[in-house]
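Chemist: Structure incoming, see below.
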Amino acid sequence: MPHSTSAPPLGVGMVGYAFMGAAHSQGWRTVGRAFDLPLSPVLAAVCGRDRAAVSAAADRLGWAAAETDWRALIARDDVSLVDICTPGDSHAEIAIAALEAGKHVLCEKPLANTVAEAEAMTEAAQAARERGQLAMVGFNYRRVPALALARRLIAEGRIGTLRHVRVSYLQDWGEDPDLPLVWRLQKDKAGSGALGDLGAHIVDLAQHLSGELLTGVSAQTETFVKQRALPGGEAGQLGEVTVDDAAAFTGRLASGALTSFEVSRLAAGRKNQLRIELNGAAGSLAFDLERLNELEFHDHTLPAAEGGFRRIQVTEGDHPYLEGWWPPGHGLGYEHTFTHQARDLVHAIASGTQPEPSFADGLQVQRVLTAIEESAAKNAVFTPVPVPE
């Protein structure tokens, strides 16, 4: 596999080193060894509040240095790109400061906790773009080769006029009775629960694959487990869960196509199951993240005797992103999406072109999430999604 040793360096600084930080680190470590790049990513520094923990994470994840203040990370001369892997309540402050300091920014999804924060981030990104800095939001599932292939087939008109999109993203870690009141269960830190964490992904995917925006939604949400044990608290000391455990909503795309969505952290037996199906007048596509090297395709233009879904094994060298990996038939995994994300961002920075998804795309998803919450608060009243300017 190629290794971009002669390319000019691109110093990366990352804020946060837990689950997403580890995933992003994997992407930055491997991207230059899988793909020929115009710039060579250098893992300059990682940041976290606990000196001992962040130093250990730097050693474990491959970062050259550790910082305990994100402002110090941004100020480093060897950092050109700031990668934000923190809870949503700090995204806006860090991203805006980094852009104003002349750094490129990659920010994990959802872009922010509120529309107002996402608007401020988007404005900062637009101003930075004029100065030559670029910003991207991390919807990594766009980089699954099978989903990238699905987007290509839809853009080519292979399924014709779109009729339906149905998506679900189900996990079961919330069913653990001993799960403490972690940050993901607190609205002031996470913004929302399964809706923002899982729903943001499938709203983005539905819009990205269809090439259309949601114009309105009708939603219900529920918090099934109302209280959890306080982390580090005394036995029996409980705190209130202030986010949703699950959400179900329908919507309409700009063309009139109908959509349905379901997200949950309490779907017993479902570990990380994201399913999406798109039905058009000329065919259908279906994908399951738990079988991420496969795409199902039904060509409705064939005679009925030859019809039905067929499995495409997305491992060929001419499939999206596969030029950097293994011989046909050798599958990829979840971690590769972060390598592909890094690849696309590096190419965008080198060429000076806007990477996708942009902060404006992240803002539009945030507007959809807010409309879902508003609809749920009004007993599922159909709620329009504001049109991007």
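Chemist: At 222 nm, what value in deg cm²/dmol follows for the chain if DSSP H runs of at least 4 each add -39500 (n - 2.57) and the sum is divided by all its residues, to the nearest 500?
Modeler: Value at 222 nm, helices only: -9500 deg cm²/dmol.
Chemist: Another question about this same structure. Cα to Cα, under 13 Å, and not fewer than 8 places away if on the same chain: which aspartates and glutamates meet these conditions relative to K187?
Modeler: D89, D197, E240, D244, D245, E373
Chemist: While we're on this one: Near the amide H of V46, under 5 Å away, which other amide H atoms are found, from residues 5 or more places off or on another chain, if H is placed in the peptide plane?
Modeler: Hits under the 5 Å cutoff: M14, A65, A66, E67.
Chemist: A follow-up question, please. For G157, what is the net charge nearby, where nearby means another residue's Cβ is under 13 Å from its Cβ and Lys, Arg count +1, Asp, Glu -1?
Modeler: Once positives and negatives cancel, what remains is +1.
Chemist: Rolling a 1.4 angstrom probe over the protein heavy atoms, how many square angstrom per residue are accessible across the chain?
Modeler: 43
Chemist: Could you derive backbone 3J(HN,Hα) for the range 82-91 from the dihedral phi with the Karplus parameters 6.51, -1.76 and 1.60 (θ = phi - 60°), listing whole Hz in sequence and x where the residue is Gly or Pro?
Modeler: Karplus-based 3J(HN,Hα) across the range 82-91 equals 9, 9, 9, 10, 9, x, x, 5, 10, 4 Hz.
Chemist: List every residue whose amide H lies under 5 Å from the amide H of A254, counting only residues 5 or more places away in sequence or on a different chain, with H placed 1.01 Å from N in the peptide plane.
Modeler: L213, T215
Chemist: Mean separation of Cα pairs under 8 Å and 6+ residues apart, divided by the residue count of the range 249-389: what relative contact order is that in percent?
Modeler: So the answer I get is 10 percent.
Chemist: Within the range 164-205, what whole-number % of the accessible surface is contributed by carbon and sulfur, with the 1.4 Å probe and all protein chains included in the calculation?
Modeler: C and S atoms contribute 53 percent here.
Chemist: Taking square-rooted eigenvalues a ≥ b ≥ c of the alpha carbon gyration tensor, is the range 1-155 rounded, prolate or oblate, where a/c under 1.5 means rounded and, failing that, a/b exceeding b/c means prolate?
Modeler: In terms of gyration-tensor shape, rounded.
Chemist: What share of the DSSP beta bridges in the chain is antiparallel, in percent to the nearest 5?
Modeler: Once the DSSP bridges in the chain are tallied, antiparallel ones form about 60 percent.
Chemist: Starting from the Cα gyration tensor of the range 88-154, take the square roots of the eigenvalues, sort them a ≥ b ≥ c, and report rounded, prolate or oblate (rounded when a/c is under 1.5, otherwise prolate if a/b is larger than b/c, else oblate).
Modeler: prolate
Chemist: A further question follows. I'd like the distance separating the alpha-carbon centroids of the range 118-180 and the range 1-61, in whole Å.
Modeler: What the calculation gives is 22 Å, centre to centre.
Chemist: Tell me whether the range 113-223 comes out rounded, prolate or oblate; compute the Cα gyration tensor, take square roots of the eigenvalues as a ≥ b ≥ c, and use a/c under 1.5 as the rounded threshold.
Modeler: Oblate, since a/c reaches 1.5 and b/c is not below a/b.
Chemist: Mean separation of Cα pairs under 8 Å and 6+ residues apart, divided by the residue count of the chain: what relative contact order is that in percent?
Modeler: Relative contact order comes out at 20 percent.
Chemist: Next question. I need to check one value: relative contact order of the range 60-170, counting alpha carbon pairs closer than 8 Å and at least 6 residues apart, in percent.
Modeler: Over the range 60-170, the number comes to 20 percent.
The values are calculated or read from the model by the stated rules, or taken from the named source; none is laboratory data. Predicted, not measured: the structure shown is a model, and the values here were computed from it. Quick reminder, even Gly has a Cβ in these numbers, built from the backbone with ideal geometry, and neighbours come from all protein chains shown. Accessible surface is based on the protein model in full, side chains and every heavy atom, while ligands, DNA and RNA are left aside. Shrake-Rupley method; radii C 1.70, N 1.55, O 1.52, S 1.80 Å.
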